[in-house]
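Undergrad: Structure below; questions to follow.
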Amino acid sequence: MLRHLFTLIWNRKRANLLLISEVFFSFVVLFGVGAVLITVGKNYLAPHGFNYEQVWRLEVRAGQGSKMPRAELDDVLRQVKALPGVQTVALTSGNVPFIFSVNNSEFAYKGKKSPVTNNYDADDHYAEVMQMHLREGRWFAQTDDGSNHRPVVITQDLRESMFGDEPALGKIFTYGEPGKDPKPEDEFQVMGVVDNVNMESDFSAPIPAVWKRLIPFDTTHWETANVLVRVAPGEGGILQEKIARTVAGVTRQWTTEVRVMDDDRLHRRMFTLVPVVGLCLMGLFLIINVALGLFGVLWYNISQRRAEIGLRRAMGATGAGIGWQFLGEMMVVTTFGVVLGSLLAAQFPLLNAFDLPAQPYVLAIGAAAGAVYFITALCAWQPSRLAAAIQPAVALREE
Amino acid sequence: MENLLANSPEHRTQPAAVPNGATPVLQLTNIEKVYQTKTIETVALNQVNLTINRGEFVSIMGPSGCGKSTLLSLMGLLDEPSSGTIEVDGRAVTSFSDKELANLRNLKIGFVFQSYHLINDLSVVDNVEVPLLYRKGMSGKERRQRALTALDKVGLSARTAHFPGQLSGGQRQRVAIARALAGGPEIILADEPTGNLDSVMGEEIMELLMDLNRRDGVTVVMVTHDEQQALKTERVIRFFDGSQVS
Ligand SMILES: Nc1ncnc2c1ncn2[C@@H]1O[C@H](COP(=O)(O)OP(=O)(O)OP(=O)(O)O)[C@@H](O)[C@H]1O
Ligand SMILES: [Mg+2]
């Protein structure tokens with residue numbers, strides 16, 4: 001019977017072209033939406049690699065044209081840290097997590113280039129504030145003050161791409177294009193390796209990262225300082241005000257804004273969520289349209305084939321058998337559309353489009369195929385039941 | 001016995017089976033068929049009693065609308081009577097399920113229609129295979145074999161890969177007859193099989209049906225408007241306004 005259906009569909013391919021192309025089209029749309037959703041969902045489920053909860057960020061400003069000598073900055077940090085409710089304080093660069101600020105570059109080790117990597121500055125307390133997980137080695141410490149190179153901590157993915165299976169600790173690497181005579185602070189010595197981090201948004205994939213130790217002389221020309229503060233659970237507005245007053249109290253001109261990192265995260269999340277939800281709605285709208293079209297075409301087909309149905313009933317088909325035949329035909333048509341769609345969709349992982357791993361694409365092909373079969377079966381259900389109800393005696397009446 | 005008679009023309013007009021020793025294949029008793037629509041009630045058949053015996057070639061005649069097609073659809077188990085009983089091989093089918101009726105149609109009955117009812121998107125041989133698709137446990141190979149044998153019988157061996165659109169009306173009706181034959185039925189029910197054909201092609205089809213009846217012993221019930229054709233059959237049943245008049 002299945003072969004009979006294939007023959008029938010194949011011989012009617014011209015008439016079925018509309019149906020097949022609708023299925024193909026739905027498949028491609030569902031595949032696209034599916035690939036985005038799966039990628040985004042996978043990223044959402046992956047750990048961030050640090051703990052953003054109970055972390056605040058301070059944007060400390062020295063005021064018009066003023067600079068920030070390290071001694072005064074240290075004084076501010078000390079006093080903020082001394083406030084009850086504040087657990088740890090760390091100094092970092094402006095590209096804190098979840099805000100639209102990126103600082104990246106490529107690195108190289110013995111001629112082997114790294115992928116594009118995010119650069120962060122960090123002091124000795126950063127890992128404690130962010131609660132990062134060290135896989136190898138240690139975070140920087142005061143003992144690194146005498147180091148001849150710039151101490152850095154890297155993420156696991158960067159470690160794998162530059163050092164592979166070799167040990168990474170103690171290795172020295174440079175920028176991708178180091179120039180002739182790299183300065184000592186542009187030679188980076190690996191002190192530790194942490195878990196992969198995703199500091200962009202809840203829906204982004206992890207990006208390789210490197211944290212460079214802030215060396216004391218670095219801050220003297222700063223006009224702003226970015227400070228991360230880990231506070232005790234339950235702290236809120238009162239402590240934020242206290243921090244602002246404390247900063248203002250240490251040096252008359254300095255001011256600060258206190259932001260909650262979790263708020264930054266939720267804010268950033270909207271920027272991905274809105275287009276994704278828009279895409280889903282568009283996809284849904286298209287699919288509903290296609291489904292209605294499909295339903296109409298099937299309905300029409302069955303009214304066109306009343307004589308054939310009567311004939312088959314007369315030849316020994318049961319009513320239920322006719323219903324299954326029509327459902328089966330639709331599944332065969334769907335198979336043609338899905339096969340064509342899969343050929344197109346398979347190009348994405350095969351050509352390594354967008355530099356993404358193949359797995360989400362393969363999953364999306366499976367999910368789109370499943371969804372298309374489900375939708376077409378749903379659309380064919382009612383018309384098939386109608387076909388099943390056609391009485392065998394019509395064979396003697398339909399011309 | 002029928003095979004012996006087949007080649008002797010003088011026996012043609014004689015009944016194939018003696019009435020006394022006849023075996024009924026189809027028996028209709030007190031049949032009434034009423035079509036009920038919202039506004040009107042049509043009595044299509046009124047108190048019909050009819051027996052078709054094995055090996056007979058019966059023609060049914062009557063003016064348009066007198067209930068011939070309705071009668072054929074009841075004989076072919078395509079429809080249920082409003083009252084009365086239908087027996088096939090001595091078994092009443094009144095309480096049969098949709099599945100049992102479909103199975104009985106498939107095994108025992110072949111249909112031939114005025115408008116052929118071939119599936120235009122299937123080749124000739126695929127069309128002939130259709131009834132065999134509904135027979136359980138038959139392999140694709142056997143289906144094809146049987147279809148080819150049936151096509152050979154109607155003289156269309158050279159046209160198996162054609163599509164219905166590429167055939168003449170007479171050839172199409174022969175394909176339809178091959179399809180009715182493929183399942184090896186006991187009875188062929190034909191509703192004006194020559195109605196769409198000119199007299200020459202109509203004659204060919206008539207010869208074919210008579211041949212099947214004589215040679216293979218297939219029982220044939222044929223509705224016709226053609227007096228000449230009817231006279232060639234063993235028995236003519238005349239209808240008028242839902243009732244049998246002779
Ligand atoms: N499905 C139906 N619903 C209502 N009335 C019907 C239906 N089928 C047939 N009839 C009526 O039953 C009567 C008998 O119809 P039938 O088709 O059996 O006639 P017929 O003898 O085959 O005519 P013809 O020679 O024109 O084919 C007609 O009056 C017809 O209008
Ligand atoms: Mg009729």
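The values are calculated or read from the model by the stated rules, or taken from the named source; none is laboratory data. The shown structure was predicted, so the numbers you read here are calculated from the model rather than taken from an experiment. Here Cβ is always computed from backbone atoms with ideal geometry, including for glycine, and neighbour counts include all displayed protein chains. Note: accessible area is taken over every heavy atom of the protein model, side chains too, but ligands, DNA and RNA are not part of it. Shrake-Rupley method; radii C 1.70, N 1.55, O 1.52, S 1.80 Å.
Undergrad: Only one residue in B:107, B:189, B:197, B:212 is in contact (Cβ under 8 Å) with a residue 24 or more places away in the chain, surrounded by 17 or more Cβ atoms within 10 Å (Cβ to Cβ) and in a helix (DSSP H, G or I). Which one?
TA: B:212
Undergrad: A further question follows. Do we find a residue being open to solvent by 70 Å² or more (accessible area, probe 1.4 Å), without any contact (Cβ under 8 Å) to a residue 40 or more places away in the chain and more than 14 Å from chain B (Cβ to nearest Cβ) anywhere in segment A:300-312?
TA: Yes.
Undergrad: Would you say residue B:174 is away from chain A (no Cβ under 14 Å) and either within 16 Å of ligand 2 (Cβ to nearest atom) or not in a loop (DSSP other than H, G, I, E, B) (or both)?
TA: Spelling it out, residue B:174 is indeed away from chain A (no Cβ under 14 Å) and either within 16 Å of ligand 2 (Cβ to nearest atom) or not in a loop (DSSP other than H, G, I, E, B) (or both).
Undergrad: For segment A:97-109, name all the residues that are more than 15 Å from residue A:206 (Cα to Cα) and open to solvent by less than 20 Å² (accessible area, probe 1.4 Å).
TA: A:107, A:108
Undergrad: Turning to a different aspect of this structure: Within segment B:52-60, does at least one residue satisfy the condition of being within 14 Å of ligand 2 (Cβ to nearest atom), within 25 Å of residue A:311 (Cα to Cα) and basic (Lys, Arg)?
TA: no
Undergrad: Give the residue that is nearest to the other protein chains (Cβ to nearest Cβ), with candidates limited to residues of segment B:50-78 that are of a type in the set (D, E, K, R) and buried (at least 19 other Cβ atoms within 10 Å of the Cβ).
TA: Looking at residues that are of a type in the set (D, E, K, R) and buried (at least 19 other Cβ atoms within 10 Å of the Cβ), I get B:68.
Undergrad: Looking at segment A:349-364 only, could you name the residues that are in a helix (DSSP H, G or I) and either polar (S, T, N, Q) or open to solvent by less than 30 Å² (accessible area, probe 1.4 Å) (or both)?
TA: A:353, A:359, A:360, A:361, A:364
Undergrad: Related question: Within segment A:316-331, does at least one residue satisfy the condition of being assigned to a helix (DSSP H, G or I), among the aromatic types (Phe, Trp, Tyr), open to solvent by 60 Å² or more (accessible area, probe 1.4 Å) and within 14 Å of chain B (Cβ to nearest Cβ)?
TA: For segment A:316-331, residues assigned to a helix (DSSP H, G or I), among the aromatic types (Phe, Trp, Tyr), open to solvent by 60 Å² or more (accessible area, probe 1.4 Å) and within 14 Å of chain B (Cβ to nearest Cβ): present.
Undergrad: Taking the criterion of being in a loop (DSSP other than H, G, I, E, B), open to solvent by 20 Å² or more (accessible area, probe 1.4 Å) and touching a Lys or Arg at 6+ places or on another chain (Cβ under 8 Å), would at least one residue in segment A:251-262 satisfy it?
TA: Scanning segment A:251-262 turns up no residue that is in a loop (DSSP other than H, G, I, E, B), open to solvent by 20 Å² or more (accessible area, probe 1.4 Å) and touching a Lys or Arg at 6+ places or on another chain (Cβ under 8 Å).
Undergrad: Could you list, in sequence order, the residues of segment B:124-159 that are under 23 Å from residue B:206 (Cα atoms), open to solvent by 30 Å² or more (accessible area, probe 1.4 Å) and not basic (Lys, Arg)?
TA: B:148, B:149, B:152, B:155, B:157, B:158
Undergrad: Condition first: assigned to a helix (DSSP H, G or I) and either away from chain A (no Cβ under 13 Å) or in contact with a Lys or Arg (Cβ under 8 Å, 6 or more places away or on another chain) (or both). Now tell me which residues in segment B:177-186 satisfy that.
TA: Answer for segment B:177-186, where residues must be assigned to a helix (DSSP H, G or I) and either away from chain A (no Cβ under 13 Å) or in contact with a Lys or Arg (Cβ under 8 Å, 6 or more places away or on another chain) (or both): B:177, B:178, B:181, B:182.
Undergrad: Further, regarding this structure: Please tell me if residue B:42 is within 11 Å of ligand 1 (Cβ to nearest atom), farther than 18 Å from residue A:314 by Cβ and of a type in the set (S, T, N, Q).
TA: Here the answer is yes, as residue B:42 does meet what is asked.
Undergrad: Let me spell it out: the conditions are (1) more than 10 Å from chain A (Cβ to nearest Cβ); (2) in contact with a Gly (Cβ under 6 Å, 6 or more places away or on another chain), and residue B:84 meets all of them except one. Which number is the exception?
TA: (2)
Undergrad: Just to check your reading of the model, which residue among B:181, B:101, B:189, B:107 is more than 25 Å from residue A:12 (Cβ to Cβ) and touching a Phe, Trp or Tyr at 6+ places or on another chain (Cβ under 6 Å)?
TA: B:189
Undergrad: Would you check which residues across segment B:87-136 are within 16 Å of ligand 1 (Cβ to nearest atom) and at the interface with chain A (Cβ under 7 Å from one of its Cβ atoms) and list them?
TA: B:111, B:113, B:115, B:117
Undergrad: Next question. Out of curiosity, is residue A:88 closer than 30 Å to residue B:126 by Cβ and of a type outside the set (Lys, Arg)?
TA: No, not satisfied.
Undergrad: Going by the structure shown, is residue B:233 over 11 Å from the mean Cα position of the chain (by Cα), within 30 Å of residue B:42 (Cα to Cα) and hydroxyl-bearing (Ser, Thr, Tyr)?
TA: no
Undergrad: Given the conditions (1) assigned to a helix (DSSP H, G or I); (2) at the interface with chain A (Cβ under 8 Å from one of its Cβ atoms), and given that residue B:143 satisfies all but one, which numbered condition is not satisfied?
TA: Single failed check for residue B:143: (2).
Undergrad: With the requirement that a residue be open to solvent by less than 40 Å² (accessible area, probe 1.4 Å) and either in contact with a helix residue (DSSP H, G or I) (Cβ under 6 Å, 6 or more places away or on another chain) or not in a helix (DSSP H, G or I) (or both), what does segment A:227-242 give you?
TA: Passing the criteria: A:227, A:228, A:229, A:230, A:231, A:232, A:236.
Yes/no matrix, rows are residues, columns are (1) open to solvent by less than 70 Å² (accessible area, probe 1.4 Å); (2) within 16 Å of ligand 2 (Cβ to nearest atom); (3) touching a Ser or Thr at 6+ places or on another chain (Cβ under 9 Å):
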position: B:205; (1), (2), (3): yes, no, yes
position: B:219; (1), (2), (3): yes, no, no
position: B:223; (1), (2), (3): yes, yes, yes
position: B:231; (1), (2), (3): no, no, yes
position: B:245; (1), (2), (3): no, no, no
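Undergrad: Would you call residue A:24 more than 14 Å from chain B (Cβ to nearest Cβ), out of contact with any helix residue (DSSP H, G or I) (no Cβ under 6 Å at 6 or more places or on another chain), open to solvent by 40 Å² or more (accessible area, probe 1.4 Å) and among the hydrophobic types (A, V, I, L, M, F, W, C)?
TA: Here the answer is no, as residue A:24 does not meet what is asked.
Undergrad: Further, regarding this structure: Select from segment B:64-84 the residues that are among the charged types (D, E, K, R) and near ligand 2 (Cβ under 9 Å from one of its atoms) and list them in ascending order.
TA: B:68, the sole residue that qualifies.
Undergrad: With the requirement that a residue be of a type in the set (Ser, Thr, Tyr) and within 11 Å of ligand 1 (Cβ to nearest atom), what does segment B:45-77 give you?
TA: Hits for segment B:45-77 are B:64, B:69, B:70, B:73.
Undergrad: Within segment A:153-226, which strands (runs of 3 or more DSSP E) (wholly inside it) include 2 or more residues that are β-branched (Val, Ile, Thr) and over 20 Å from the mean Cα position of the chain (by Cα)?
TA: Of the strands (runs of 3 or more DSSP E) lying wholly inside segment A:153-226, those with at least 2 residues that are β-branched (Val, Ile, Thr) and over 20 Å from the mean Cα position of the chain (by Cα) span A:172-175, A:188-194.
Undergrad: Would it be correct to say that residue A:68 is crowded, with 19+ Cβ neighbours inside 10 Å and either modelled with pLDDT under 90 or of a type outside the set (A, V, I, L, M, F, W, C) (or both)?
TA: Yes, satisfied.
Undergrad: Sticking with this structure for a sec: Suppose we filter A:80, A:55 for residues that are surrounded by 15 or more Cβ atoms within 10 Å (Cβ to Cβ), at pLDDT 90 or above and in contact with a Leu (Cβ under 9 Å, 6 or more places away or on another chain); which single one remains?
TA: A:55
Undergrad: Select from segment A:124-138 the residues that are within 18 Å of residue A:227 (Cα to Cα) and open to solvent by 10 Å² or more (accessible area, probe 1.4 Å) and list them in ascending order.
TA: A:124, A:125, A:127, A:128, A:131, A:132
Undergrad: In segment A:1-21, how many are under 13 Å from residue A:298 (Cβ atoms), within 11 Å of another protein chain (Cβ to nearest Cβ) and touching a Gly at 6+ places or on another chain (Cβ under 8 Å)?
TA: Selection size over segment A:1-21: 0.
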